[in-house]
Amino acid sequence: MSPFPGSTPYKARLVVLLDHFAITDDPRAVRRVAHPLAEVLLLVVCATLAGCDDYDHIAVQGEVHLDVLRRHLPNDHGTPGGRWLTILMNRINPALLSAAGHPRGADRALHPVLGAGVHPSRRSPCRRAAFWD
């Protein structure tokens, strides 16, 4: 049961998000893709919600919590590194976030899902580690 009356239950929201990631076009050559776009987007969203401030921290948290990510998508090749995440995420059209339900996604530059104007805190790489439980 959701703690907020009238809100969609967590599992249903996750299914909708994963369905959206599955139909998102990935323009990369299929034979050269080690990390499918849906897996990368799931990693970035989960790690950002857990409080990760940059792609290096996202990559570390992905490795630490690979078992959690594999509950939803295969992640056959593990998780990508921070540099690779930075390159890929900077190539994604911001309208992708808007289509996923982010109300201002189309007009935001990409910081890991948070958007423009975000000044990451350097206090801790992932402040809400309990998110992964």
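Per-structure values
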read-out: Point-to-point label distance, A34-L49, nm (Cα→Cβ direction, 7 Å offset); value: 2.7
read-out: I92, I58, I23, I87 arranged by Cβ crowding within 10 Å, fewest neighbours leading; value: I23, I87, I92, I58
read-out: Formal net charge of residues neighbouring R70 (Cβ-Cβ distance under 14 Å; K, R +1; D, E -1); value: -3
read-out: FRET efficiency for D19 and W84, using Cβ-Cβ distance with R0 set to 25 Å, rounded to 0.05; value: 0.50
read-out: Protection-proxy order for peptides 50-57, 69-76, each taking the mean of Cβ atoms within 10 Å per residue, highest first; value: 50-57, 69-76
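Bear in mind that the values in this text are calculations on the coordinates, not laboratory data. Here the structure is a predicted model, which means the values were calculated and not measured. Neighbour counts run over all protein chains shown; Cβ positions are idealised from the backbone, glycine included.
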